[in-house]
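Right, one structure below, let's go through it.
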Ligand SMILES: C[S@@+](CC[C@H](N)C(=O)[O-])C[C@H]1O[C@@H](n2cnc3c(N)ncnc32)[C@H](O)[C@@H]1O
């Protein structure tokens, strides 16, 4: 975390300014480990990630950082289990007799519990090898192939209009932050979520450019009024306890002509797996009072992107079409000029050519100087939940003249038009450097 970004931030509890403790930043201004304080609290920075919560584990992590125990601070931050246990057993260390000793034993025990999580998450292996085989972790591996991710690609031309200070709320392990950082290159990108281990992977693998903050957005956002040019919240709005409170905060922090995009928001009128707490489209819209917001059918925006190579924000979607969509996209701004038609958007959307790879959803079968690719959904659940992914990701492809992954950079150089076609179908994707 760069010390200067603290100027954008306030304490979510007292609203006061945040100051780094003396001596925590290195020569480049980067704070990897340190403590930040305001009038009411102390917050830890661990591996460059600031945690702005006061829940279980935080005082212990602050203490470990202050004592210079970086391994301990990281282990405890990464382990939700150990933090929960500390929260539940804290009464032990409050006992008058032997309280301090018991407290130390408790922390030592929690750190032993946390060591396994740390070992698993801090190896040098590529991201996809670290992720396990649970439904959730295979979903994370194949996040770029899920149609619920594709509104990010479809909206990149719009996001590009407000690429100053961008905030990705509920960023998870950072797939959207990666796409935003590599294509629209904001001046500052905040990636925030409440889950530390996901943020750790986001910063390490997906979006090292991000300023990463662990915070529960059921409480206030830690940003100054009108300090954010563009808010992106993908597949998270239906998971917060009070969407009305989050909207009030989003409206407070968004700049006068800023842009708000709440993407893949579940519609209560339709069924969704892991639905969270969905609302009907009209109720989602009624949450916004200070920024005019319009609702769009997400399947239509995705198909406009895939088939018509356009983002059409000029033509309103009819209420019955919006009601029939399993997920909607809410787009808001006081600048009405942003609501226009953007044409020829695919070229720019998939621009980042830095690390083009074959989409991991394809099994690669070398075949006599060619490569045969067979689409393999990670689960039946994935296939059923994402009908547009099934519709648009070709089931099999033969790539003549490519026999091994290692030849891909040369192939990209020599066959750029065919590669463009494969990128248009998500067969070849720009991926973070150490994703596979
Ligand atoms: C389905 S995931 C989506 C992650 C990412 N936006 C994406 O689409 O790939 C929902 C994310 O929202 C986060 N989240 C849910 N409720 C939250 C809260 N109250 N505060 C902060 N993050 C929250 C979760 O930790 C999780 O990472």
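Descriptive notes on the structure:
- Residue in the range 237-254 that is part of a strand (DSSP E or B) and more than 19 Å from residue 301 (Cβ to Cβ) present: yes
- Test: residue in the range 418-436 that is within 21 Å of residue 157 (Cβ to Cβ) and part of a loop (DSSP other than H, G, I, E, B): yes
- Residue match in the range 102-110 (condition: touching a residue at least 24 places away in the same chain (Cβ under 8 Å) and within 21 Å of the chain's Cα centre (by Cα)): no
- Single residue of the range 244-277 satisfying the filter (buried (at least 22 other Cβ atoms within 10 Å of the Cβ) and farther than 26 Å from residue 160 by Cβ) that is farthest from the ligand (Cβ to nearest atom): 267
- Residue 172 vs. criteria within 15 Å of the ligand (Cβ to nearest atom) and not in a helix (DSSP H, G or I): yes
- Number of residues in the range 1-34 that are modelled with pLDDT of 95 or more, surrounded by fewer than 19 Cβ atoms within 10 Å (Cβ to Cβ) and in contact with a strand residue (DSSP E or B) (Cβ under 7 Å, 6 or more places away or on another chain): the value is 2.
- Subset of the range 393-409 [under 16 Å from residue 366 (Cβ atoms) and not in a loop (DSSP other than H, G, I, E, B)]: 396, 397, 398, 399, 400, 405, 406, 407, 408
- Test result for residue 189, surrounded by 21 or more Cβ atoms within 10 Å (Cβ to Cβ), closer than 25 Å to residue 329 by Cβ and away from the ligand (no atom under 16 Å from the Cβ): no
- Selected residue (criterion: surrounded by the most Cβ atoms within 10 Å (Cβ to Cβ)) from residues of the range 175-186 that are more than 10 Å from the ligand (Cβ to nearest atom) and closer than 21 Å to residue 253 by Cα: 180
The values are calculated or read from the model by the stated rules, or taken from the named source; none is laboratory data. If you're wondering where the values come from, they're calculated on a predicted model, not measured in any experiment. Note that each Cβ is placed from the backbone with ideal geometry, even for glycine, and that neighbours are counted across all protein chains shown.
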